[in-house]
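**Q** Before anything else, here's the structure in question.
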Amino acid sequence: MSDTPPVLTIENYALSYAGPDGPIRILDDINLTIRRGEILGLVGESGSAKSSLANAIMRDPTGKVVHESGRILLSGTDLTALGEKALQKVRGERISMVFQNAATALDPTQTLGDHLIETLAQHRGGSGLRAKTLELLGHVGLPDPETMLSRYPHEVSGGEKQRVLLALALACEPELIVFDEPTSALDATTGARLLDLVRGLQHETGISGLFISHDLGTVAEIADRIAVIYGGRIVEIAEPGPLFARPRHPYTRALLSSLPRPSDSLTGRRLAISHAAPAPRLGMPPPCIYSASCPHHLPELCDAAQVRLQVRDGRQLACVRADAVEQSRSEATEWPAVTVPVDQPLIEVSGMDVVYGRTSLLDRIARRPIRRTRALVDTSLTLRPGETLAIVGESGCGKSTLARALTGLAPYSGTLSLDGTTVDEMDRAYRSDVQIIFQNPDSSLNPRHTIATILLRPLKLFRPELSRRERREEVTKILERVRLPAEYASRFPHQLSGGEKQRIAIARSFAANPKVIICDEITSGLDASVQAAIVRLLRDIQAETGVALIFITHDLGVLRHVAHRIAVMYLGEIVETRDMASLDHPPYHPYTEALMSSSPSIDPDSETTRIRLTGELPTRSEALPGCPFESRCPRRLGEICKTPPPLHDFGNGHRILCHIDARTLAEMPPVWRFSKTIMEPLS
Amino acid sequence: MRKLFAILGALMRNPQGALGLVLFLLLLALVVLGPVLAPADPESFNYGARFAAPSLEFPLGTDWYGRDLLSRVMSGARSTVLLALLATGIGTVAGALIGVLSGYLGGGADEVVMRLNDAVMAIPGLLFALMIIAVLGSSSINAVIAIGIAQTPGMARVARSVTLQVRALDYVSAARARGEPTSWIVLAEILPNTIAPIIVEATIRVAFAVMTLATLSFLGLGAQPPSPEWGLMIAEARSHLFRSPWPIIVPGAAIALVAVTFNLLGDGLRDVLNPRSGGH
Amino acid sequence: MSVTFLIRRLFYLVLTAIVVSMIVFGVTQVLPANAAQMILGEYATEEALAVLNARLGLDEPAVVQYWHWLSGALTGDFGTSLRTSQPVAPVIMEAFGRSALLAGFSLGLVVLISIPLGAVAALRRGRATDLAVSFVSYLGVSLPEFVLATLLLVWLAGPSVGLFPASGYISFLVDPLDALHHIALPVITLTIILTAHISRMVRSEMVDTLGSDFVRAARLRGLSRRRVIVNHALRNSLLPAITVIALDVGYLIGGVIVVEEVFSFPGLGRQLILAIQNRDLPMLQAGALVMAMTYAVANLLADLAYAALDKRIQFE
């Protein structure tokens, strides 16, 4: 591929925006090329300026530019030298963009077809636009393009909108497509299908692209080469295989070591907690951008001259100590073991139903049928003391509803018991024993309260025996337990970083010495390194206190590092419950199989089976008699699936709700195939 | 207190807010010291200098009795501004109470309250105030009550929508999951987070109150002669329309300036207090 | 637009009408002086008052009186004026027609002027044009109608300029040109004030839309500036503008009352002020009800227009 001409070449590009305390360095010393037919992945954590690079290429800065230098060449045309008029011709025609949030990137008052027709008319003009539009809609895998043409954005699903954005980007067969986190807002199974589509199109038409994502796994699926960006500088560029097997830059190594892999259960690998601080943005750039956070930093060597990308062993690397770095050992530490005493259940839920939907005054007068959603259907589960039960599923599967029902935030029917006694009303004792942590600490911490107020509330409510002074002391202790200094007590939430805020939310839930904590997606939205630290913290506290956790997540990678058991939910029902230890082996529920295989991974030691779901998630409005997964199941048997499926019990708490007979399920191929190197020591 | 200074500091960095704040402080000084600072007695007649144009002796001219317009406007500031603040205070407190409670309770109660509120809002503000004046009779204080009542439904709507936004946030869910008493949830979790938008709305409504108050007086349904109320001054000047424009321009400009002040202050506060628009 | 949506909106309108009529009636019920006293004067004997009260039906319970009044109002009978002893309905109808003409004229001009003005200000955000428009509209929203009306009157109808007549009304059926001449000053006043309000709203809507993702996406697809502005930015800003304009009809009604008073324009507003000054109950009730219902209907029309244009609304 290296002999094909470059589509995009960026040379010595640097960009600064105006800030309140002087110029903010956004991008610095950027050098890269994308060849014809190549997709370059760009990976970085939040604040790495990866999207700013996309904006710079599109010539659409989001801040006030105070300094810009270097060249951005699109097949020889320097984009930085073009005026508005010339740029308008280039955009859409020679270079196009796929945005992260399809919900807001489409004009709500225009049909999907008009979006395409308008774009084609601008650049191509002439007739036959409608036919070309239909062709494009079919090309991106939208069923029934004819109907799609006249639909409005709000009438189609998120995945379909994202496909329309892709069609818009492809419309004029541009030389380069910039993908800015196109799958981040999508569910795993939907995102996986979109990635497949992009890969398929690339094989067919050989599009060239820059694919930006915070998720290395996603980029690994699609990119020919991957560039890692930190603090506005690219630190390493390599092909996915070599990059994952042998990361060279200290930052890349730290990043990779905090990411979970499917083979972790087999190898016993633990997530490392990287301590990379945000890169400096003000003043003179340091010679090496990572120097402030680098454990291998040697001033006399590293600060001698500007550390730039250089070709080494078939990759580009911005590190002068790479060889020494390679010698060093991985910094992953031992994690505390949590033993689960097999005991009588702590929490027992059976036949739980939650129905959403309210009748309005007018509906009642008009005696209209009530539109209601069955968010949770006949759900039963048990939680043992001290164990972690993970609940996985995509958005709309009812996992958060379950959390709300268990904490008294959603009315339910069915029975719930704690410690063997049935819970009739959520009294103070129950609320004290069962705590919840929400996904977004920005919204779960009251911005008008100090950290002290936030932590004192549960102490006042649930531990009234404490004196005022004891409560104060307890706040300090709790902060210490979540590894935060005592001074934080007088701060307000907005003075803390995202990870610190989530620690406060965790601290609040532990304050009452509960028996159970429900963690509702508490690590999504956090960078991988922060996520690893939060998961580690939970494990530590669990080991100390023996608290049981219900860990709700859509992120399958992290499961292996927290859960003892998992429950998989689809459309309001638990379709499978199993031990974490058996996850690598069949049987699986067909949905579990599809979900697990949709999760992108960076593991050089495993290969994931490719199973994709078609169709869209239905809403569960009226009683659905049969299997909830019937409409999308790749292993659907036939009409029988429209009747209630039986619950197979495979022993050891492994239960699957499916019509397929137990033997066939047990003979399914495993989702992951592991490489010989890690399988051998085991046999 | 530190918070207040932080807000004032941020306000001074915002062009609209800074101008509004400066004008507001000047106005405040005028309200407190107006009658003391006035160069002449607002009620003393100067038949020798009727309809005088601005001069050194009468900086803003005189009216048909030769009364000094500057002194009249300055002594009228107190009643106009204080009454407008009072009217807005009535409307804000009543509206916020209805709105926050309705929004927090939700469900059927909220629906009934808001339907009624919407229906009342179908009566245009000035008309509503006029109807209340018709009941209570014409006087300054009745005009204040009328404006206060007329502002209530609009304020209730604003307060409710803010409450609904706050109520959906996780910290309220967290408090409910903890089993906090309703009083704590409403007073400590919700109310402090609805105050900012309510203050912004109330500030802008002071401008409306000033204008409506003057309008009612102009129509003869508010302040009564010989009060130096600004709207009334213009109404009285109508008998001498084409003799001199100053008796109309001076109180008119005063009303506009006060309204501009509160509009600027409100817009500035919106930018400063709203984290979304304040960010960039 | 779905049928249920239409039915729901009509249901709300009826609900509004009921509440408004109850308020309008209720307010006049608690008036300190009752109608009989009004007619007979301060020194009437008790017997005479009682007789008249009985004849007017004022000795009946409030609910019965309300029912009589409402059923009359529904059939177009608003009773007799206490001031002139003439039936109220024809007077109100005639006044309403004139006021509607005044308001309609102004609203038309406002829409024509304020939307382009607001849009241009948003497009030239931060530049001289924007600052000028923003400054003038700031002044406009801070100036009560009666001040502007009186100033315009002094300036344009005064002896030195004398461009327009200071007061009065001529029917368009009698002399269209002279009618226009007479209606000009009230229309100019209302147009200036409302333009200030609406162009400010249009500007802020447009600024928001110009900063939205889909406008950026359209720009980055290489669409021409004209296409981006007309097809995407303007279209999406005008939808909320419809609602704003409808809400400002309430403001316009207040303005009409004031402006009619300043220019002695014989419309609904002037009748209403006269009725308040004279405690003419039937006239006050009828005037207030007609005004409030006009506003309610304007809002209904705006909602329907919005629903027809915005495809999302039927799924709310």
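No value in this document is a laboratory result; all are computed from the given coordinates. Computed from a prediction, not measured in an experiment: that's the story for all the values here. All Cβ positions, even for glycine, are placed from backbone atoms using ideal geometry, and neighbour counts span all protein chains on display.
**Q** Go through A:Lys460/A:Lys515; A:Lys399/A:Lys460; A:Lys132/A:Lys161 and tell me which ones have a Cα-Cα distance over 24 Å in this structure.
**A** Too far apart for the 24 Å limit: A:Lys399/A:Lys460.
**Q** Here is a follow-up. Using Cβ counts within 10 Å as a stand-in for footprinting exposure, how do B:Ile145, A:Ile518, A:Ile478 rank, fewest first?
**A** On the way: B:Ile145 19, A:Ile518 28, A:Ile478 23.
Sorted ascending by nearby Cβ count, the order is B:Ile145, A:Ile478, A:Ile518.
**Q** Along Cα→Cβ, 7 Å out, is where each label goes; now give me the distance between the ones at A:Lys460 and A:Ala131 in nm to one decimal.
**A** Result for the modelled spin labels: 7.4 nm.
**Q** Going by Cα centres, the stretch B:74-151 and the stretch A:573-627 are how many Å apart?
**A** 58 Å
**Q** A follow-up question, please. Rounded, prolate or oblate: which fits the stretch B:3-81 when a ≥ b ≥ c are the square roots of the eigenvalues of the alpha-carbon gyration tensor, with rounded for a/c under 1.5 and prolate only if a/b beats b/c?
**A** prolate
**Q** Once Rh is set to the Kirkwood radius over Cα pairs, what Stokes-Einstein translational diffusion coefficient, in µm²/s, holds for the protein assembly as shown at a temperature of 4 °C and a viscosity of 1.567 mPa s? Each step should come with its number before you reach the end.
**A** Values: Rh = 35.4 Å.
My calculation gives 37 µm²/s for D.
**Q** Only helices at least 24 Å long along their axis, Cα-based, and averaging 0.0 or more on Kyte-Doolittle count here, so list those DSSP H runs from chain A.
**A** Those that pass (Cα extent of 24 Å or more, hydropathy at least 0.0) are A:528-545.
**Q** Give me the inter-chain shielding for B:191-203: mean count of other chain Cβ atoms within 10 Å, whole number please. Spell out each step's value before the answer.
**A** Numbers: counts 1, 4, 3, 0, 1, 1, 0, 0, 0, 0, 0, 0, 0.
Per residue, the number of nearby Cβ atoms from other chains is 1 on average.
**Q** Mind pulling the per residue volume of the convex hull built on the Cα atoms of the stretch B:51-277? Å³ is fine.
**A** Enclosed volume per residue, from the Cα hull, is 133 Å³.
**Q** Can you tell me the equivalent ellipsoid semi-axes for the stretch A:608-672? Use √(5λ) from the Cα gyration tensor, largest first, whole Å.
**A** The three semi-axes for the stretch A:608-672 are 21, 17, 11 Å.
**Q** Using only the alpha-carbon atoms, how far is helix C:3-29 inclined from the longest principal axis of chain C? Give it as 0 to 90 degrees, nearest 10.
**A** Its long axis makes an angle of about 40 degrees.
**Q** So, one more: Would you list B:Glu201, A:Glu326, A:Glu474 from fewest to most Cβ contacts within 10 Å?
**A** A:Glu326, A:Glu474, B:Glu201
**Q** Here's another thing I want to ask about it. In degrees from 0 to 90, rounded to the nearest 10, what is the angle of the helix C:235-262 Cα long axis to the longest principal axis of chain C?
**A** 40 degrees
**Q** Okay, next question. Please report the spacing between the Cα centers of the stretch C:278-293 and the stretch C:156-232 in Å, no decimals.
**A** If we compute the Cα centre of each part, the gap is 30 Å.
**Q** Same structure again: Looking only at the protein assembly as shown, where both bridge partners belong to it, what percent of the DSSP beta bridges are antiparallel (to the nearest 5)?
**A** 60 percent
**Q** Evaluate E = 1/(1 + (r/R0)^6) for A:His585 and A:Glu204, where r is the Cβ-Cβ distance and R0 equals 30 Å; express this FRET efficiency to the nearest 0.05.
**A** Between A:His585 and A:Glu204 the formula returns 0.25.
**Q** Kindly point out which whole DSSP H helices in chain B project their C-alpha atoms 15 angstrom or further along the helix axis while averaging a Kyte-Doolittle hydropathy of 0.0 or above.
**A** The qualifying helices are B:2-13, B:15-37, B:69-105, B:107-121, B:125-136, B:140-167, B:191-218, B:246-273.
**Q** Between B:Ala6 and A:Gln327, what is the label-to-label distance in nm when each label sits 7 Å out along the Cα-to-Cβ direction?
**A** Spacing of the two 7 Å Cα→Cβ label points: 5.0 nm.
**Q** How high is the FRET efficiency between C:Ala44 and C:Asp178 when r is their beta carbon distance and R₀ equals 41 Å, given to the nearest 0.05?
**A** Once the sixth-power term is evaluated, E becomes 0.35.
**Q** Let me ask another. Counting only the backbone N, which residues of the stretch A:500-539 are under 17 Å from the spot 7 Å out from the Cα of A:Glu470 toward its beta-carbon?
**A** A:511-514
**Q** Cα to Cα, under 12 Å, and not fewer than 8 places away if on the same chain: which aspartates and glutamates meet these conditions relative to A:Lys501?
**A** Here the aspartates and glutamates satisfying the reach criterion relative to A:Lys501 are A:Asp442.
**Q** Any idea what the alpha-carbon Rg over 2.2 N^0.38 Å comes to for chain A? Let's see the in-between values first.
**A** Details: Rg = 26.6 Å, N = 683, 2.2 N^0.38 = 26.3 Å.
My calculation over the Cα atoms of chain A gives 1.01.
**Q** Tell me, rounded to the nearest percent, the portion of alpha carbon pairs in the stretch C:91-310 spaced more than 32 Å apart.
**A** Tail of the P(r) past 32 Å holds 28 percent of the pairs.
**Q** Cross-link candidates for A:Lys64: which lysines have Cα within less than 24 Å, leaving aside residues fewer than 8 places away along the same chain?
**A** Filter leaves A:Lys50, A:Lys85, A:Lys89.
**Q** In what order do C:Leu153, B:Leu27 fall by count of nearby beta-carbon atoms within 10 Å, going from fewest to most?
**A** Ordered by Cβ neighbours within 10 Å, fewest first: B:Leu27, C:Leu153.
**Q** So if we plug the beta-carbon distance of A:Val65 and C:Val161 into 1/(1 + (r/R0)^6) with R0 = 60 Å, what FRET efficiency do we get, rounded to 0.05?
**A** That gives a FRET efficiency of 0.70.
**Q** I would also like to ask the following. Output the relative contact order of chain C, whole-number percent, from Cα pairs under 8 angstrom with separation of 6+ residues.
**A** 26 percent
**Q** Okay, helix-only estimate at 222 nm for chain A: each DSSP H run of n ≥ 4 adds -39500 (n - 2.57), divide by all residues, round to 500 deg cm²/dmol; what do you get?
**A** Result for chain A, helices only: -8500 deg cm²/dmol.
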